[in-house]
Amino acid sequence: MSTKDFVEKDYYKVLGVPKDATEAEIKKAYRKLAREFHPDANKSDAKAEGRFKEVSEANDVLGDPKKRKEYDEARALFGNGGFRPGPGAGGGSFNFDLGDLFGGAQGGQQGGAGGFGGGLGDVFGGLFNRGGPGTTRTQPRRGQDIESEVTLSFTEAVDGATVPLRMSSQAPCKACSGTGDKNGTPRVCPTCVGTGQVSRGSGGGFSLTDPCVDCKGRGLIAQDPCDVCKGSGRAKSSRTMQVRIPAGVADNQRIRLRGKGTPGEQGGPAGDLYVVVHVDAHPVFGRKGDNLTIAVPVTFAEAALGGEVKVPTLGGPPVTLKLPAGTPNGRTMRARGKGAVRKDGSRGDLLVTVEVTVPQDLSDTARESLETYREATAGEDPRAELFKAAKGA
């Protein structure tokens with residue numbers, strides 16, 4: 001990533017979050033925008049694809065605490081287009097190249113007022129991916145992160161599942177082994193001398209680093225460009241992976257699979273694969289965290305007199321719950337260990353909510369029995385306390 005990106009790009013604005021946003025707020029904003037602009041949801045929409053790349057790039061920086069800290073420090077240092085001298089630095093101008101800072105102190109710079117030591121080089125070395133003085137070798141490049149989505153049934157999400165996932169991404173061209181050259185003998189880019197980056201002046205004695213336009217940041221130029229990749233060294237690749245979704249995954253959860261993204265270049269590591277999981281609803285069961293939920297109808301007699309009721313479980317034999325006499329409508333009971341799988345391998349509970357049913361059709365015998373019950377309880381008023389409380393208020 002170039003210095004220019006860190007100086008000029010406002011990743012907080014890209015995600016629509018304040019500069020003091022928490023990690024959770026950044027993650028929530030990214031997920032919302034990624035789903036909105038994902039290429040699968042915006043076929044042949046170049047503008048949406050561009051926004052998706054911007055959002056992914058912003059999340060790659062702000063979603064990583066270390067990168068975010070370095071980004072904030074770089075923005076604070078170069079936010080006004082130049083270096084901000086500290087107190088007591090005087091009013092003189094600074095006429096030096098940023099390479100003096102990022103490459104670390106040399107020789108006589110280590111002492112006196114003009115010495116910066118190696119501190120700034122340590123802080124910003126990883127941020128701008130700069131090598132030391134005289135570096136001419138091509139730099140390893142990490143592969144891009146990619147994102148995909150998968151939809152699971154309710155049962156698969158609770159128990160875990162292995163699903164095939166077909167991915168399309170950029171990978172080293174097989175025809176030229178990723179060199180971009182037909183004969184596999186690319187030459188070092190003369191513009192950037194193999195670094196993949198060039199410096200440009202920005203006034204006041206400063207210089208900023210950008211990807212080399214001649215080699216597109218690769219550090220190499222094909223002498224005889226490959227017919228397949230046109231000298232880029234990269235080609236579109238499709239592959240099918242068997243992805244294991246862990247048990248207990250929740251709807252809209254984002255799973256990170258390290259090293260399963262786009263392959264790197266020049267020996268660099270592969271990017272990561274992020275899988276957003278969607279879970280279909282179940283006709284009977286619901287879910288609250290690690291617990292499953294179910295509503296079980298019972299008769300008035302079972303609720304009033306008590307009894308035993310059988311309750312179905314997800315993928316297992318039914319359980320029998322003892323219903324106490326006088327159980328009210330809406331009461332929730334617990335069947336332990338019959339819920340979703342937790343991270344430690346244990347299971348949550350099954351929460352059973354009682355729903356007292358009212359019969360729509362009554363036989364003559366049942367009607368006579370209810371009439372007898374109504375006469376026997378004629379002196380009871382279940383709404384007396386309600387009116388008393390309403391009057392008192």
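The values are calculated or read from the model by the stated rules, or taken from the named source; none is laboratory data. This one's a predicted model, so the numbers in the text were calculated from it and none came from an experiment. All Cβ positions, glycine included, derive from the backbone under ideal geometry; neighbour counts span all protein chains shown. For the accessible areas, the whole protein counts, side chains as well, though only heavy atoms, and no ligand, DNA or RNA atoms are used. Shrake-Rupley method; radii C 1.70, N 1.55, O 1.52, S 1.80 Å.
On a C-alpha basis, how far is the centre of the stretch 247-311 from the centre of the stretch 316-360 in Å? Whole number, if you could? Here the two parts' Cα centres lie 18 Å apart. Each peptide in 182-190, 27-35 was scored by the mean count of other Cβ atoms within 10 Å over its residues; highest first, the order is 27-35, 182-190. With a Förster radius of 25 Å applied to the C-beta separation of residue 389 and residue 329, the computed FRET efficiency comes to 0.80.
Modelled spin labels at residue 346 and residue 288, positioned 7 Å past Cα toward Cβ, are 1.9 nm from each other. Each label point was placed 7 Å from the Cα along the Cα-to-Cβ direction; for residue 200 and residue 213 their separation is 0.7 nm. What FRET efficiency comes out for residue 53 versus residue 320 if R0 is 51 angstrom and r is the Cβ-Cβ distance? Round to the nearest 0.05. My answer for the efficiency is 0.35.
Note on residue 278 and residue 360: with the Förster distance fixed at 51 Å, the Cβ-Cβ geometry gives a FRET efficiency of about 0.85. Taking 24 Å as the straight-line reach from the Cα of residue 69, the lysines in range (excluding those fewer than 8 positions away in the same chain) are 4, 9, 13, 19, 27, 28, 32, 53.
Rounded to the nearest whole Hz, the Karplus-based 3J(HN,Hα) values (6.51 cos²θ - 1.76 cosθ + 1.60, θ = phi - 60°) of the stretch 150-159 follow the sequence 9, 10, 10, 6, 4, 5, 4, 5, 6, 8, with x at glycine and proline.
Taking label points 7 Å from Cα along the Cα-to-Cβ direction, residue 183 and residue 224 give a separation of 0.6 nm.
Of the two radii for the stretch 225-373, the radius of gyration is 1.31 times the Kirkwood radius, both from the alpha carbons; that is the Rg over Rh value.
The gain in end-to-end length when the residue 41 to residue 305 segment is fully stretched comes to 89.5 nm, 0.36 nm per residue minus the alpha carbon separation. Which aspartates and glutamates, if any, have their Cα less than 20 Å from the Cα of residue 230, not counting same-chain residues under 8 positions apart? Qualifying aspartates and glutamates at Cα under 20 Å: 181, 214, 265. In this structure the amide hydrogen of residue 268, modeled in the peptide plane, comes within under 5 Å of the amide hydrogens of 141, none closer than 5 places in sequence on its chain. Solvent-accessible surface of the stretch 226-374, averaged per residue with a 1.4 angstrom probe and all protein chains in place: 59 square angstrom.
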